[in-house]
Amino acid sequence: LRKKYTQHKPFNTFSLIKPIKYISIIISAIVATVYLLSISLRLDTVQQKLASAITKEIETLLEVPISIGGIRVIHLDEIILKEIVVRDLSGDTALYAENVTAHISPEKLLKNKIQINTLAIANPDIRINRETQQSPINIQFILDKLKQDNDDKEPKFALRINQLLIYD
């Protein structure tokens, strides 16, 4: 009896090149997008628009005028706000800070959540006072706004601050 040997075709490396090529193109596109995004966030015009948008969102949240002197995006996860002024209901300065650095989780922004891992406030001038012994402190309305509500109203963004650092 004669045994038949089947000939196997040699391994075709060309069949692997095409998928690897597509995967490398996709990875390159993702890296390029992230890189371009981080570069565009460093442009002055983009940072001015971002500062304006952040100011508007905080004013809407707190229902009080604030001002931000400038913004600097260091990385996609680190933002520095400069010369922040928050006023109380009577228009007096309740908080002034030279720099406020926020280390955020960018992936949470896609889910409409703002997670601040570390919020560092440098050289703050915090002015807490009350009109009378029985009246609430001048920033009580801000504390009330930042409290978590149990009502059915869905917030535009969910805010979470893991660590707050205040230093001179």
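The values are calculated or read from the model by the stated rules, or taken from the named source; none is laboratory data. None of these values were measured; they are calculated from a predicted model. So basically every Cβ, Gly included, is an ideal-geometry build from the backbone, and we count neighbours across all protein chains shown. We work out accessible area using only protein heavy atoms, side chains counted, and drop any ligands, DNA or RNA first. Shrake-Rupley method; radii C 1.70, N 1.55, O 1.52, S 1.80 Å.
Solvent exposure of the stretch 75-126, expressed per residue, is 53 Å² of accessible area, with all protein chains present and a 1.4 angstrom probe.
Step through the table entries 49/108; 18/113; 82/113; 56/108; 21/49, compare each Cα-Cα distance with 27 Å, and write down the pairs that go over it.
Details: 49/108 21 Å; 18/113 39 Å; 82/113 23 Å; 56/108 20 Å; 21/49 38 Å.
From 49/108; 18/113; 82/113; 56/108; 21/49, over 27 Å: 18/113; 21/49.
Run the accessible area of the stretch 12-168 with a 1.4 Å probe and give the carbon-and-sulfur part as a rounded percent. Result for the stretch 12-168: 58 percent of the exposed heavy-atom area is carbon or sulfur. Listed peptides 84-91, 32-39 appear in the order 84-91, 32-39 once ranked by packing, highest mean of other Cβ atoms within 10 Å at the front. Highest mean first, the peptides 98-108, 126-136 sorted by other C-beta atoms within 10 Å per residue fall in the order 98-108, 126-136. Remark: the stretch 50-95 carries a charge dipole of roughly 160 debye about the Cα centre, counting +1 on each Lys and Arg Cβ and -1 on each Asp and Glu Cβ. The distance from the alpha carbon centre of the stretch 36-91 to that of the stretch 109-149 is 16 Å, rounded to a whole number. Checking every one of the GluC sites (Glu not before Pro) in the stretch 28-75 against DSSP loop status and a limit of 12 other Cβ atoms within 10 Å picks out 63. Less than 5 angstrom separates the built amide H of residue 139 from those of 129, all sequence-distant by 5 or more or on a different chain.
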